[in-house]
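Reviewing the structure listed below.
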Amino acid sequence: MKFIFGIALCSITVNSFAQTKFPYQNPALTIEKRVADLLGRMTVEEKAGQLNQLNGGAFTGPAVNNVGQNEKIKMVQSGAVGSLLNVVGVADTRAIQTEAVKSRLHIPLIFGYDVIHGYKTIFPIPLAEACSWDLEAIEKNSSIAAKEASAAGVHWTFAPMCDVSNDPRWGRVMEGAGEDPYYAGLVSAARVKGFQGNLNDNKHVLACVKHFAAYGLVEAGREYNQVDVSRVMLWNKYLPPYKAAVNAGAATVMNAFSVVDGVPASANKYLVTDVLKNKWGFKGFVVSDWASFGEEINHGYAEDEKDAALKSLQAGSMMDMESKISQKYLPELLKEKKITTQQLDEAAGKILYQKFRLGLFDDPFKFCNEANEKAVMFTAENRAIAKTAAEKSIVLLKNNNNILPLDKNKKVALIGFYANSKPDLFDFWIGQGNSNDAVTVYEGLKSKISNISFCNGYNGDNSSSETLINEAIQNATAADVVVVNIGISGKMAGEDRSLAYPQISDGQIALLKALQKTGKPVVALVSSARPLILTLAEPLVDALVQGWILGTEHGNAVASMLVGDYNPSAKTVMTFPYAIGQIPIYYNHFNTGRPTTTDGLGNWYSRYRDIPNEPLYPFGYGLSYTSYDYSEVKLSSSTITKSATLKVTINVKNTGLMDGEETVQLYIRDYAASVIRPVKELKAFKKIMIKAGETKEVSFSLTKDDLSFYDADGNSIIESGKFSVFVGPNSRDTKKADFILN
Ligand code: BGC
């Protein structure tokens, strides 16, 4: 990606920075004092300028009120821009920063970029990474992404996405951590810590918690669609991951495109001021999503741009990404006394605070070091970490007769267009990654298995033909085992990639049917950035592997898992639906008044007449090459008080022949409460290594926090009554014990 200004500005040096004329330029003072001093010297226009974020590179949203390149540069030089997004690389960030610090008060820019799953070394999509249940590794992965991005002049990533979603039709499920609020909170917090680390070391970037809030609820999975959510659901299910990320110290938060309670998120005072700032004590700054201030007009909430700028600031939102209205109208609105100096100072001050915190006032070129940029980018070490992350993300869904792992000496027929297509390995959010650097499944498997054939089996649009299928049959017949890579291209993942049919195409199903007829064992590897409906594919194959979209090391990781160099341990963090009609589907639903499991109700209970209620694979599900046996659950007491700790213990035995890592999951149920509670809620988990034949005792401690929930006003409450604890390898196959909370 090339910086769009495209002019050679690099040779200019700025001496004014070396001098500390004013208190705000004195590093010995506290940031608070420096911000206050600087605000005191700024004009209203300069303050409004800090709230202005313009696109400086490739477009990651629609062009709105376009500003020409020369005008943009003039705006930067005059202090009318606080931040640029999508400008990356030392050369380009240095060039434009040079212009910014020529402004009257020499205020540096902050450069933001979507570093979603890696900058140059691409990691598994966040949804897949979350299936690892390995928080330490997740934090590490984000820190590598931050290391590469910061070396390329980036100060701020627009991640993590903390939106809980139950809808695989929505393309952005790939960016999150799945359907569970508690687990998504832990993952989001780990990502924030990984990105931000110790900000002073030039190896980290500011994080941005997005999209606040409830964007994952877009109706029917259609991008940018309306959202309808009750306060009780907001508090209990949708807000927890954002809260966890804020508590982990995230410096910024991004508004959502959605409308909550009839008010666009960008102008939603309840969300931005009442909850985020006042209830959670968030001290950082809030940035709009791309043009979301201006979109308040389309939503029918703001009359015009000026009204939108006013309503956004009044709600507590601060930086205007690409609407180009705050910088334009805020000075006028101040003159008209529609906003106060205090409001403008608070917004500009919080943005300036982060610039001071990053050290940009002391050295605006702190992240501009060409040698470092070269040295840290796409190193063998980073790739090795990305490979491990990819291995840990692969979910084994079915493995009849232990067909996997593959015997390296057998002849393998690898079939499937995606197994040999680099561009389809990458999604939209790949930073500066290059799909030519990514390893395909064909390349990966060839490095492990010498006797291997390949053919496409279907076309790039997922259709097939007699010729392609016949070729596949020939290859399969000549081999001992078939590995067929089905699914959907990575290019179909991310923003603006909603799908009405998240499923395996007719062409691929026809291929599977033909392969099954050959009588050869068939292993299906699914590439997709969301759970697809695999119901038709599942009975046609002996083994089923959810291979997601795994980044640069995709093929190496898949190969290592298929041949058993890596024993799979991932567990899905999104339910795999049985049919489209079940969507949205999730494990932590409520009981109905006529639950399916209740006998004696005749026909009148909650069910479908044409399909089961149960999903194909539940939340938390994933197999290993070994097997585990769970004992009964033991509780330290069958009655506890609200201040007590309940100890939960279970023994897990590795009953197979291979050492393996198992994620032991603990769920609870609260049977009667003033606000109804889900049939199961994840409250704890442990990922442990168990040697073949070994039994490990796993224990958990449940406290007040685990047993409480939120009312509609966001107050945490705990109520006495009957509870169950469930422990198991997934949300379905659990062992249960009851207790009473007094
Ligand atoms: C997306 C954000 C992203 C921003 C900047 C928007 O369209 O919704 O997630 O950070 O663009 O690229």
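The values are calculated or read from the model by the stated rules, or taken from the named source; none is laboratory data. All figures in this text were calculated on a predicted structure; none of them were measured in a lab. Heads up, the Cβs are rebuilt from the backbone with ideal geometry, glycines too, and the neighbour counts pull from every protein chain shown. The area values use the complete protein model at the heavy-atom level, side chains included, leaving out ligands, DNA and RNA. Shrake-Rupley method; radii C 1.70, N 1.55, O 1.52, S 1.80 Å.
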Residues F22 and T477, FRET efficiency given R0 of 60 Å [Cβ-Cβ distance, rounded to 0.05]: 0.15
How high is the relative contact order of segment 386-580, given as a whole-number percent (alpha carbon pairs under 8 Å, six or more residues apart)? 36 percent
Across all Cα atoms of segment 226-282, Rg and the largest Cα-Cα distance (Dmax), in Å, are 10.9, 30
Could you work out the relative contact order of segment 46-191? I mean the mean sequence separation of Cα pairs under 8 Å and 6+ apart, divided by the number of residues, in percent. 21 percent
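Give me the one-decimal Kirkwood hydrodynamic radius in Å for segment 34-192, with the sum taken over alpha-carbon pairs.
On the way: mean 1/r = 0.0574 Å⁻¹.
The Cα-based Kirkwood calculation yields 17.4 Å.
For segment 626-741, what does the accessible surface come to per residue with a 1.4 Å probe? Please give it in Å².
Details: 5100 Å² over 116 residues.
Counting only protein heavy atoms, the per-residue value for segment 626-741 is 44 Å².
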What lysines could a cross-link reach from K21, if we take a straight Cα to Cα line under 22 Å and drop same-chain neighbours fewer than 8 places away? K33, K47, K102, K355, K366
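How would you rank 612-619, 636-643, highest first, on the average number of other Cβ atoms within 10 Å across their residues? All intermediate terms of the calculation are to be shown ahead of the outcome.
Details: 612-619: 20.2, 636-643: 12.5.
Result, highest mean Cβ count within 10 Å first: 612-619, 636-643.
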Roughly speaking, to the nearest percent, how much of segment 386-580's 1.4 Å accessible area is carbon and sulfur? 44 percent
Along the dipole axis of segment 204-332 (charges at Cβ: +1 for Lys and Arg, -1 for Asp and Glu; origin at the Cα centre), the most positive-end residue among G221, L206, A291 is L206
Give me the distance between the Cα centres of segment 477-554 and segment 704-732, rounded to whole Å. 37 Å
Give me the percent of accessible area attributable to carbon and sulfur for segment 128-191, probe 1.4 angstrom. 48 percent
Counting pairwise Cα distances across the chain, what percent come out greater than 46 angstrom? 24 percent
For segment 379-422, what is Rg from Cα atoms divided by 2.2 N^0.38 Å, rounded to two decimals? 1.52
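Heavy atoms only, probe 1.4 Å: what % of the accessible area of segment 626-741 goes to carbon and sulfur, would you let me know? Kindly include the intermediate steps, with their values, before the conclusion.
Details: 2480 of 5100 Å².
Looking at segment 626-741 in its full context, I get 49 percent from C and S.
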Rank by packing, highest mean first: peptides 131-141, 622-632, with packing defined as the count of other Cβ atoms within 10 Å averaged across residues. 131-141, 622-632
Report the far tail of the P(r) of segment 141-285, meaning the percent of Cα-Cα pairs longer than 27 Å. 18 percent
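Would segment 626-741 count as rounded, prolate or oblate if I go by the C-alpha gyration tensor, calling it rounded below 1.5 in a/c and otherwise prolate when a/b exceeds b/c, oblate otherwise? Before the final figure, lay out the partial values.
Working: a/c = 2.66, a/b = 2.18, b/c = 1.22.
Note, shape of segment 626-741 comes out prolate.
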Report the local net charge at S393: Lys and Arg +1, Asp and Glu -1, summed over other residues whose C-beta lies under 12 Å from its C-beta. -1
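Sort the following peptides by mean Cβ neighbour count (other Cβ atoms within 10 Å, averaged over residues), highest first: 531-540, 450-459, 374-383. Show your work: numbers first, answer last.
Details: 531-540: 20.1, 450-459: 18.6, 374-383: 15.7.
So the order, starting with the most tightly packed, is 531-540, 450-459, 374-383.
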How big is Rg to Rh over segment 386-580, alpha-carbon atoms, Rh as the Kirkwood inverse-mean-distance radius? 0.93
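Could you give the accessible area per residue of segment 386-580, probe 1.4 Å, as a whole number in Å²?
Per residue, segment 386-580 has an accessible area of 32 Å².
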Per DSSP H run of n ≥ 4, the term is -39500 (n - 2.57); total these for the chain, divide by its residue number, and report the mean residue ellipticity at 222 nm rounded to 500 deg cm²/dmol. -7500 deg cm²/dmol
Shape parameters for segment 379-488, alpha-carbon atoms, Rg then Dmax in Å: 15.2, 45
Can you tell me, using C-alpha contacts under 8 Å and at least 6 residues apart, the relative contact order of the chain as a whole percent? 13 percent
Which value, in debye to the nearest 20, gives the size of the charge dipole of the chain about its Cα centre, when Lys and Arg are +1 and Asp and Glu are -1 at the Cβ? 1080 debye
In whole Å, how far is the Cα centre of segment 41-72 from that of segment 434-475? 46 Å
Got a number for the accessible area of V439? Probe 1.4 Å, square angstrom, nearest 10. 20 Å²
